[in-house]
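A short write-up of the structure that comes next.
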Amino acid sequence: MSTQKLIAGNWKMNGLAADLVVARELAEALAREPAAARVALCPAATLIAQMNWQLKDSAVEIGGQDCSPETSGAYTGDVSAAMLKDAGAGLVILGHSERRAGHGETDADVAAKVEAALPAGLEPIICVGETLAEREAGRAVEVVAGQVMASLPESLNGKAFAVAYEPVWAIGTGLTPTLEQIEEVHAAVRAAMVARLGEGARTAPILYGGSVKPNNAAEILAVPEVGGALVGGASLNAADFLGIIRAA
Ligand code: 13P
């Protein structure tokens, strides 16, 4: 099992061309002192090609934040997996809770997007996570395991991918689950991955996401079955993101 963690930054709907300086600073710092982890930045689709140009020859990988389940055609405003790949992405975040909540994406929609991403050569990062009401009702493990079972298509077998556990109530709030809660859910995610895809699913990393900062990254990344982090706000600043990367 690979011990190399994946630290991915999700810029969400932030960042203009001028902000690519953050990506350059990151690449320069990692050129001086290479990271132990795999590092990726996932900017808005509009920035992928420029970021790819600026990061050429760097160890920093690039990902999209969503893709269409369709390959091409009359889908105004949508971006296909092949388009992301063509622009320079190697990964794609799918099923983020902001898309599930804000755009009504279901587990079946997420699975269809995964099915579109794989043949385009993109490595999906599939997001799951419970709401505060679900956690307070004692249903976190049940909800997250159900999302894993329904969002991961069988075609993931043998493919490179990651799952990201992002409790909805921990995103952008400064709140995080206890280390015991993270360990419990990550173990349940792994069990659901293996139940769905078989023993081959033991090696795909399970990232934790939700208010990961330089000051809590080391303890979170040391939890059993935490194979990396999906970082929102702290990835918009090179020093903060580097602080998390150096903790891996
Ligand atoms: P924050 O790190 O800003 O809480 O965001 C987490 C997230 O949603 C990453 O996808």
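The values are calculated or read from the model by the stated rules, or taken from the named source; none is laboratory data. Just so we're clear, the structure is a prediction, and the values are computed from it rather than from any experiment. For neighbour counting, all protein chains shown are included, and Cβ atoms are generated from backbone atoms with ideal geometry for every residue, glycine included. These accessible areas exclude ligands, DNA and RNA; they are computed on the full protein's heavy atoms, side chains included. Shrake-Rupley method; radii C 1.70, N 1.55, O 1.52, S 1.80 Å.
Which pairs do you get when a residue that is among the polar types (S, T, N, Q), found in the range 161-180, comes within reach of a residue that is part of a loop (DSSP other than H, G, I, E, B), reach meaning Cβ atoms under 8 angstrom, with the pair 6+ apart or on two chains?
Every condition considered, the pairs that remain are 173/210; 173/211; 176/210; 176/211; 176/212; 176/216.
If you scan the range 119-158, which residues turn out to be in contact with a strand residue (DSSP E or B) (Cβ under 7 Å, 6 or more places away or on another chain) and assigned to a loop (DSSP other than H, G, I, E, B)?
Keep residues of the range 119-158 that are in contact with a strand residue (DSSP E or B) (Cβ under 7 Å, 6 or more places away or on another chain), which gives 122-129, 144, 147-148, 151-152.
Result: 122, 129, 152.
Considering the range 166-182 alone, what residues qualify as being under 15 Å from residue 212 (Cα atoms) and either within 11 Å of the ligand (Cβ to nearest atom) or open to solvent by 70 Å² or more (accessible area, probe 1.4 Å) (or both)?
166, 167, 168, 169, 170, 171, 172, 173, 174, 175, 176
Here's the yes/no breakdown for (1) touching a Phe, Trp or Tyr at 6+ places or on another chain (Cβ under 8 Å); (2) aromatic (Phe, Trp, Tyr); (3) away from the ligand (no atom under 16 Å from the Cβ):
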| residue | (1), (2), (3) |
| --- | --- |
| 5 | no, no, no |
| 10 | no, no, no |
| 13 | no, no, no |
| 20 | no, no, yes |
| 35 | no, no, yes |
| 43 | yes, no, no |
| 48 | no, no, yes |
| 67 | no, no, no |
| 71 | no, no, yes |
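Among what's in the range 1-20 and is without any contact (Cβ under 8 Å) to a residue 60 or more places away in the chain and of a type in the set (A, V, I, L, M, F, W, C), pick the residue that is least open to solvent (accessible area, probe 1.4 Å). Write out each step before concluding.
Initial filter on the range 1-20 (without any contact (Cβ under 8 Å) to a residue 60 or more places away in the chain): 3-4, 13, 16-18, 20.
Now drop any that are not of a type in the set (A, V, I, L, M, F, W, C), which leaves 13, 16-18, 20.
Numbers: 13: 183, 16: 126, 17: 54, 18: 82, 20: 2 Å².
Ranking the qualifying residues of the range 1-20, first place goes to 20.
Going through the range 141-187 one residue at a time, which ones are out of contact with any Phe, Trp or Tyr (no Cβ under 9 Å at 6 or more places or on another chain) and acidic (Asp, Glu)?
142, 154, 180, 183, 184
Being surrounded by fewer than 22 Cβ atoms within 10 Å (Cβ to Cβ) and touching a helix residue (DSSP H, G or I) at 6+ places or on another chain (Cβ under 7 Å) is the filter here, so list the residues in the range 221-230 that pass it. Can you show your working first?
Step one: list which residues in the range 221-230 are surrounded by fewer than 22 Cβ atoms within 10 Å (Cβ to Cβ), which gives 221-226.
223, 224, 225, 226 - these are the residues of the range 221-230 that are surrounded by fewer than 22 Cβ atoms within 10 Å (Cβ to Cβ) and touching a helix residue (DSSP H, G or I) at 6+ places or on another chain (Cβ under 7 Å).
Tell me which of these residue 183 doesn't satisfy, since it passes every other one: (1) touching a residue at least 60 places away in the same chain (Cβ under 8 Å); (2) touching a Pro at 6+ places or on another chain (Cβ under 6 Å).
All conditions are met except number (1).
Among the numbered conditions (1) over 30 Å from residue 121 (Cβ atoms); (2) within 16 Å of the ligand (Cβ to nearest atom); (3) not hydroxyl-bearing (Ser, Thr, Tyr), tell me where residue 187 comes up short.
In the conditions (1) over 30 Å from residue 121 (Cβ atoms); (2) within 16 Å of the ligand (Cβ to nearest atom); (3) not hydroxyl-bearing (Ser, Thr, Tyr), residue 187 misses (2) alone.
So which residues in the range 214-241 are in a loop (DSSP other than H, G, I, E, B) and more than 8 Å from the ligand (Cβ to nearest atom)?
Our first condition is that a residue be in a loop (DSSP other than H, G, I, E, B); within the range 214-241, this holds for 214-216, 222-227, 232, 237.
Answer for the range 214-241, where residues must be in a loop (DSSP other than H, G, I, E, B) and more than 8 Å from the ligand (Cβ to nearest atom): 214, 215, 216, 222, 223, 224, 225, 226, 227, 237.
Filter the range 62-91 down to residues that are in contact (Cβ under 8 Å) with a residue 40 or more places away in the chain and in a strand (DSSP E or B) and give me whichever is surrounded by the most Cβ atoms within 10 Å (Cβ to Cβ).
64
Please go through the range 50-78 and give me each residue that is touching a Ser or Thr at 6+ places or on another chain (Cβ under 8 Å) and among the β-branched types (Val, Ile, Thr), ordered by number. Before the answer, list the steps.
Going through the range 50-78, the residues touching a Ser or Thr at 6+ places or on another chain (Cβ under 8 Å) turn out to be 67-68, 70-72, 75, 78.
Hit for the range 50-78 is 71, nothing else.
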